[in-house]
Amino acid sequence: MIPLKPLIRKPDSRVILLGGFGMAIAAWFIDAAVDTVFFQVERSYWQTLLNPDGHKIWMRCFISATLILLGVSAAYLLRLHERAEQDLNYHRALLEKFASDLEQQNATLMREIEQRKQVEYQLAQLATTDSLTGIYNRRKFDEALQDEIKREVRYKRGLALTILDIDHFKKINDKFGHDTGDQVLIQLARLIKSHAREADSFFRIGGEEFALI
């Protein structure tokens with residue numbers, strides 16, 4: 001949407017000042033015209049304008065000085081208003097820039113916090129997960145076993161611990177290589193995990209040793 005221009009423009013302080021001087025000059029011509037028409041009919045307009053009586057000179061000077069003073073005062077007040085408006089616009093621009101910068105900093109901070117949470121989650125996963133099989137590692141097993149023993153002591157719900165290993169696993173590595181041995185460990189972990197219940201916890205606690213709580 002295109003903003004509409006204001007129909008009435010703000011007066012300029014210089015225009016008001018010149019207007020005050022113009023009104024002071026115009027007061028002489030108007031006063032001379034009034035005297036010629038109503039009070040000094042026998043005198044011409046130019047005589048009344050250029051050669052006024054003594055009291056007329058003082059009255060016209062007083063009126064002119066008053067109009068000039070009003071014009072100067074109005075111009076000064078308008079100038080103060082313009083400066084105050086400029087200062088207000090300047091500080092408003094500073095506040096808008098500050099708000100924009102603050103919003104950008106907040107967005108950057110939120111992204112950094114989210115990235116830090118992701119890193120912390122990944123570190124926690126690495127600390128408790130076996131990198132080869134993807135199941136829990138020995139560290140997690142020690143923590144989980146202690147927790148389950150405490151629950152069993154308190155609630156008496158029953159606790160089972162199964163530990164197993166692969167017989168002659170060294171022969172598999174020697175005959176087929178460590179890559180094949182790794183695949184055996186991965187497939188065995190998947191097989192047991194797929195048959196474990198949701199409440200069970202499965203761990204790799206050694207090279208070819210596993211535990212199920």
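Could you tell me what percent of the accessible area of segment 80-123 is made up of carbon and sulfur, with a 1.4 Å probe and every protein chain present? List each step's numbers first, then the result.
Values: 2400 of 4190 Å².
The nonpolar share, carbon plus sulfur, comes to 57 percent.
Given a Förster distance of 41 angstrom, what is the FRET efficiency for residue 116 paired with residue 80, based on the Cβ-Cβ distance and rounded to 0.05? If you can, show how the numbers build up before the last one.
Working: r = 52 Å, r/R0 = 1.28.
Efficiency for this residue pair is about 0.20.
Contact order normalised by length for segment 92-213, with contacts defined as Cα pairs under 8 Å and 6 or more residues apart; what percent is it?
Working: 86 pairs, mean separation 34.2, N = 122.
Contact order relative to length: 28 percent.
Could you sort out which of 117/140; 170/193; 140/171; 140/193 sit more than 26 Å apart by Cα distance in this structure? Don't skip to the answer; put the middle values down first.
On the way: 117/140 20 Å; 170/193 23 Å; 140/171 29 Å; 140/193 16 Å.
Violating the 26 Å Cα-Cα cut-off are 140/171.
Can you tell me which of 115-121, 202-208 comes out highest on packing, and rank the rest after it, using the mean Cβ neighbours within 10 Å?
Numbers: 115-121: 10.0, 202-208: 18.0.
Per-residue mean Cβ counts within 10 Å order the peptides as 202-208, 115-121.
Over segment 159-199, average the accessible area per residue using a 1.4 Å probe and give it in Å², no decimals. Don't skip to the end; give the middle numbers.
Values: 3350 Å² over 41 residues.
Value returned for segment 159-199: 82 Å² of accessible area per residue.
The values are calculated or read from the model by the stated rules, or taken from the named source; none is laboratory data. None of the values given here were measured: they were computed from a predicted structure. Positions of Cβ are generated from backbone atoms using ideal geometry, with glycine treated the same way; all protein chains shown enter the neighbour counts. These area figures cover heavy atoms from the full protein model, side chains too; ligands, DNA and RNA do not enter into them. Shrake-Rupley method; radii C 1.70, N 1.55, O 1.52, S 1.80 Å.
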